[in-house]
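These notes are about the structure you will find just below.
The values are calculated or read from the model by the stated rules, or taken from the named source; none is laboratory data. In this text the structure is predicted, and so the values were computed from the model without any measurement. A quick note on method: Cβ atoms are made from the backbone with ideal geometry, for glycine too, and the neighbour counts reach across all protein chains shown. Side chains are part of the model used for accessible areas, which takes the heavy atoms of the whole protein and leaves out ligands, DNA and RNA. Shrake-Rupley method; radii C 1.70, N 1.55, O 1.52, S 1.80 Å.
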Amino acid sequence: MKKILTIAAAMLAISACSGQNIEPNATPVKVASLAGNSPITDVRPAEEVSVYPSRGTAIERTFAHQPPLVPHRTTYALSTKKNGCLTCHDPKKAKRMKATAVDVSHLKADGSFNNEYYFCDQCHVAQADNKQAIIENAFTK
Ligand code: HEC
Ligand code: HEC
């Protein structure tokens with residue numbers, strides 16, 4: 001019993017010390033982010049969620065060798081254990097799944113998949129009906 005009390009007292013002491021000192025009149029921290037500058041004390045409504053096409057037809061490419069945009073949702077499993085994208089885009093399965101096979105550049109000389117291309121979303125992004133403000137960039141073809 002005494003031991004339990006000692007432990008409880010020690011835990012109380014630790015928790016009493018670990019509390020942060022909150023400055024009541026602290027000026028709000030200004031965070032400059034892509035979503036705009038807003039003091040973190042502000043409560044603002046969440047951004048509208050992007051809407052992805054549910055069934056895709058290929059989206060026209062804007063320049064040669066552009067990784068084509070994904071014309072469907074991208075929530076398929078994509079981890080070291082499972083690649084849901086290859087379920088349809090693997091050259092051996094693509095025809096049956098009515099999808100385009102991965103580009104030949106994604107294959108090794110013997111025709112097997114080159115794992116350097118494993119994480120598809122590194123290069124392929126979904127085309128979404130995106131309600132968020134467009135971020136300017138200086139890309140030219
Ligand atoms: C259920 C099957 C299926 C799965 C799973 C799937 N796709 Fe697709 N994908 C399709 C179909 C069907 C199309 C439209 C036909 C086409 O262009 O290949 C398509 C189109 C694409 C295209 C456009 C091809 C082009 O030439 O414009 C890309 C890129 C793509 N998918 C990438 C992905 C990625 C990345 C994943 C995983 C996150 C994925 N797909 C998972 C069926 C699938
Ligand atoms: C390192 C970047 C990169 C990664 C990773 C990558 N791709 Fe690609 N992919 C490209 C590029 C670039 C092209 C266009 C090739 C060209 O036109 O020269 C392409 C083309 C494609 C195409 C169209 C092929 C055609 O014949 O029109 C499909 C489908 C595709 N990729 C699916 C995938 C899938 C599925 C994965 C993951 C398993 C993946 N890619 C991973 C860069 C990438």
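In table form, for the structure just shown:
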| quantity | calculated |
| --- | --- |
| Reachable aspartates and glutamates, given that their alpha-carbon falls under 16 Å from the alpha-carbon of Lys98 and they are not under 8 places away in the same chain | Asp90 |
| With all protein chains modelled, accessible area of Asp129 [1.4 Å, Å²] | 90 |
| Residue-count net charge about His89 - beta-carbon cut-off 15 Å; Lys, Arg +1, Asp, Glu -1 | +4 |
| Segment 43-133: chymotrypsin sites (Phe, Trp or Tyr not before Pro) in DSSP coil with no more than 10 other Cβ atoms inside 10 Å | Phe63 |
| His89, His106, reordered so the largest accessible area comes first (probe 1.4 Å) | His89, His106 |
| Accessible carbon and sulfur surface of segment 50-131 relative to its total accessible area, %, 1.4 Å | 54 |
| Extension gain, Cys123 back to Asp110 (0.36 nm per residue minus Cα-Cα distance, nm) | 2.4 nm |
| Hull volume in cubic angstrom per residue (convex hull over the Cα atoms of segment 50-131) | 109 |
